[in-house]
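J.: Okay, handing you the structure first.
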Amino acid sequence: MPIDLYQLTGSSPCRTVRLAAAAIGVDLNLKNVDLKAGEHLKSEFIKYQLVVTGVTPEQAKYDKMNDVLSFLDKFLEGENYVAGKTLTLADLALVVTISNYQVENSKYSNILRWFAKIQAEAPKYNEVEGIGIKAFRDLVENARKKK
């Protein structure tokens, strides 16, 4: 029996849940939530009082982001995974965040190596991320237009 996942397709946490579910063989019944229409403010959502906030790439300070990426790159030196010797939820959570930032700088060679490995190993990665990253970019673009 599938589990209901109320989601915003472009949301990194939602994409993480989808990748994790695929990795452990859990079927999900995806239910899109329209934030513009205020669906997330309905009583059935408010009762859980779960609020997920994020920072868009343009809001992040580039120097801080470079510090974080440098740390992660050093951390991944000689490692195939973020935590342990096999693919874990930590890798799935981080891979969707890294994909949001489109890390392409060869300065981060360990991140790029790890990123390619996780993309290849994570079940349904292309299916979940293909739709998810497009929705995330559309969300960012719409936010830019409103400014």
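One line per residue, one yes/no per condition, for (1) modelled with pLDDT of 65 or more; (2) surrounded by 10 or more Cβ atoms within 10 Å (Cβ to Cβ); (3) in contact with a Leu (Cβ under 6 Å, 6 or more places away or on another chain):
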| site | (1), (2), (3) |
| --- | --- |
| Leu30 | yes, yes, yes |
| His40 | yes, yes, no |
| Phe45 | no, yes, no |
| Tyr48 | no, no, no |
| Thr53 | no, no, no |
| Glu58 | no, yes, no |
| Lys61 | no, no, no |
| Lys64 | yes, no, no |
| Asp67 | yes, yes, no |
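J.: Under 8 Å between Cβ atoms, which residue pairs at least 6 apart in sequence (or on different chains) link something in segment 68-88 that is without any contact (Cβ under 8 Å) to a residue 12 or more places away in the chain with a partner that is of a type in the set (Phe, Trp, Tyr)?
T.: Going by the 8 Å Cβ cut-off, the qualifying pairs are Thr88/Tyr81.
J.: Within segment 111-121, track down each residue that is under 14 Å from Leu94 (Cα atoms) and not charged (D, E, K, R).
T.: Of everything in segment 111-121, those that are under 14 Å from Leu94 (Cα atoms) and not charged (D, E, K, R) turn out to be Ile111, Leu112, Trp114, Phe115, Ala116, Ile118, Gln119.
J.: State whether one or more residues within segment 122-137 are free of Cβ contacts under 8 Å to residues at least 40 places away in the same chain, of a type outside the set (Gly, Ala, Ser) and surrounded by fewer than 12 Cβ atoms within 10 Å (Cβ to Cβ).
T.: yes
The values are calculated or read from the model by the stated rules, or taken from the named source; none is laboratory data. Keep in mind the model is a prediction, meaning the values are calculated, not measured. We place every Cβ from the backbone using ideal geometry, glycine too, and count neighbours over all the protein chains shown.
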